[in-house]
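The structure appears below as structure tokens.
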Amino acid sequence: MIRIAVVGCGYWGPNYVRVLSELQNCEVTVCCDLDESKLLAIKTNRASIRTTTDIETILKDETIDAVCISTPASTHYSLALKCLGNGKNVLIEKPLTLGSSEAKDLVKMAERMNKILMVGHVYQYHPVMIELKKRILQGDFGEIYYVYSTRTGLGPIRSDTNAMWDLAPHDISMILELVGSTPKSVSATGSSYLRPNIPDVVFLNMKFRSNVISQVHVSWLDPHKIRRLTVVGSKMMAVFDDVDVFGKLKIFKKNVARFKQSDGYEFLLNIADGDTIIPKIDSSEPLKNMCKCFLESIKNGEKPITDGVSALSSLAVLESCQESLDNQGKPVDVKI
């Protein structure tokens, strides 16, 4: 039995409590939050779970094997460092930290303590994402030309970070996974409409060495809740729409083929507009898949798919985008 504590019981923490409580060989023993009203809500639904406002209670409890951290991003580093330092395995919400140097510290601490450090890039465990990646690796899409995504809605509005750091980690991690590399350069522009110096809408661009280009649009200030990613390849195209109940993945047999004319210099373009396919895909819950992976990693001592090292690439992109954002969209080279 793996005993877990959940730290942070606000917007996303209760989902971890629910999912972890449903899994076998796992027990949520305690929840921690500074807001006692949030702890009361946990206690009302799950009377067996202890609650506390003091993180030290968890750190000193030797019966707790792991900690799930779902707190504001600005607190991730200090909390994760304490938990790892006290011999706890850690599952932490994205972004891992707000800086690469801090993230590297956590990776080193996890290695030194021989503990699992896993980051909540939950879309890596989404059945649609897994299917899409498989088809790309099989060569179904041919050469990937470009990828773009939109993640917008009306709130929730954070106070400790901007919309890019809050929302874009999901899209960046997915795009890096599908393209199979880190971009060579990025640029980002945005505006702060609700509060000064905290952009609530951001457009970021990525250029890869493979000639792939990508754009991500994120916003807390939009009338539409959109969670959509589009992949365009030389053979096929696809749309992953996580809000669509009936067809989250649509594959379009559409492409434009180039043919040389007899003189060998001019090209003819042939547009192929084929069928649209909605493949049958496993309906398992991504968060539950991710938590299962965390438990298996603790049992087997194997690194999870989204370990601390894998998160460093996404963080490097976010940091470079922030530098561009601070400099009116000036392109910035990405350094890992």
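Every number in this text was worked out from the coordinates using simple rules, so none of it is lab data. Given the structure is predicted, the values throughout are model-derived calculations rather than measurements. Don't worry about glycine lacking a Cβ; one is built from the backbone with ideal geometry, like all the others, and counts go over all protein chains shown.
Observations on the model:
- Cut-off 11 Å between beta-carbons: net charge of the residues surrounding N255, Lys and Arg +1, Asp and Glu -1: +2
- GNM on the chain, alpha-carbon springs under 10 angstrom: the most fluctuating residue among Y193, Y145, Y125 is Y193.
- Axis of helix 100-113 versus longest Cα principal axis of the chain: the two differ by about 50°, to the nearest ten degrees.
- C-alpha long axis of helix 308-326 to longest principal axis of the chain, angle in °: 70
- Relative to the longest principal axis of the Cα atoms of the chain, the long axis of helix 286-300 makes an angle of roughly 60 degrees.
- Region 58-101 - charge dipole about Cα centre, Lys and Arg +1 at Cβ, Asp and Glu -1, debye rounded to 20: 140
- Each residue in M109, M1, M206, M290 was given a count of other beta-carbon atoms within 10 angstrom of its own, and listing them fewest first yields M1, M109, M290, M206.
- Neighbour-count order for E22, E102, fewest beta carbons within 10 angstrom listed first: E22, E102
- Relative packing of peptides 315-322, 23-30 - highest average C-beta neighbours within 10 Å first: 315-322, 23-30
- Order by protection proxy (mean Cβ within 10 Å, highest first), peptides 176-183, 243-250: 176-183, 243-250
- The chain: Rg to Rh, with Rh as the Kirkwood radius over Cα pairs: 1.01
- Proximal charge balance of L312 [Cβ under 15 Å; K/R count +1, D/E count -1]: -1
- Using the Cβ of S74 as centre and a radius below 14 Å, the other residues enclosed give a net charge of -2, where K and R count +1 and D and E count -1.
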